[in-house]
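Accompanying notes for the structure given below.
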Amino acid sequence: MRDFPGADDRHDESAAAPPTTRWTGRATNRAQWLLSAAGAGVLALGIELAVGSSWVSGIVPLVMAVVGCLLVGMMVIFGTLAFVHVRVTVDDQALEVRCGHMGLPRRRIPLSHVRSVEFAPRVTPRHWGGWGYRWRPEQGTAVVVRRGEGVVLRLGDGRTFTVTVDDAAGAVRAIRDRILPDPAAGRPEG
């Protein structure tokens, strides 16, 4: 008895194709958890003000304080948790960067748009103006979750994209293997 009727009747091209290899790397910043805890504290302060407040100066200042604490607390929590870690995947088609536990923000760069790739031995939040998804006119775009090694992509439109990741040298090799043509492939046999 077959689980998939007709499976033997059609030609399976994926069985003949070589398996695709993927390179995956991560980078983590545990200090972001401390910042997230601070955001949770501000959020708790907003809740405490809303529930147990006996402000005599009026409802408007109370509402402003509660809403302000809730908004700031949630922004800090979600803003820091989004950049606790980053996962970088390189396959035959693209480089994909996913941030945080939900994978957002996410950036996918087709390898056909990559002109060159470089290993950056030291990328710091100070160079980019902090942690997170950053943009600087003179440097391009970056995802910086911690200080350390990173990958710098030079794209076809002249822009650059930098990401901090463990084993950045491995990522550079994986990308170069996919974007640089094999010199032996262009030679005629004879």
Over segment 25-72, with every protein chain in place, what whole percent of the accessible area is carbon and sulfur at 1.4 Å, could you tell me?
76 percent
Whenever you get a sec, line up Phe83, Phe78, Phe161 from highest to lowest accessible area (probe 1.4 Å, protein heavy atoms).
Phe78, Phe83, Phe161
Distance (nanometres) between label positions extended 7 Å along Cα→Cβ at Ala38 and Thr160
2.9 nm
Working with all protein chains in place, sort Trp55, Trp23 by solvent-accessible area computed with a 1.4 Å probe, largest first.
Trp55, Trp23
Label-point separation (nm) for Asp177 and Arg108, each offset 7 Å from Cα along Cα-to-Cβ?
2.2 nm
Residues Arg122 and Leu71, FRET efficiency given R0 of 30 Å [Cβ-Cβ distance, rounded to 0.05]:
0.25
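The values are calculated or read from the model by the stated rules, or taken from the named source; none is laboratory data. Remember, it's a predicted structure, so these values are computed and weren't measured experimentally. So basically every Cβ, Gly included, is an ideal-geometry build from the backbone, and we count neighbours across all protein chains shown. Accessible surface areas use protein heavy atoms only, side chains included; no ligands, DNA or RNA. Shrake-Rupley method; radii C 1.70, N 1.55, O 1.52, S 1.80 Å.
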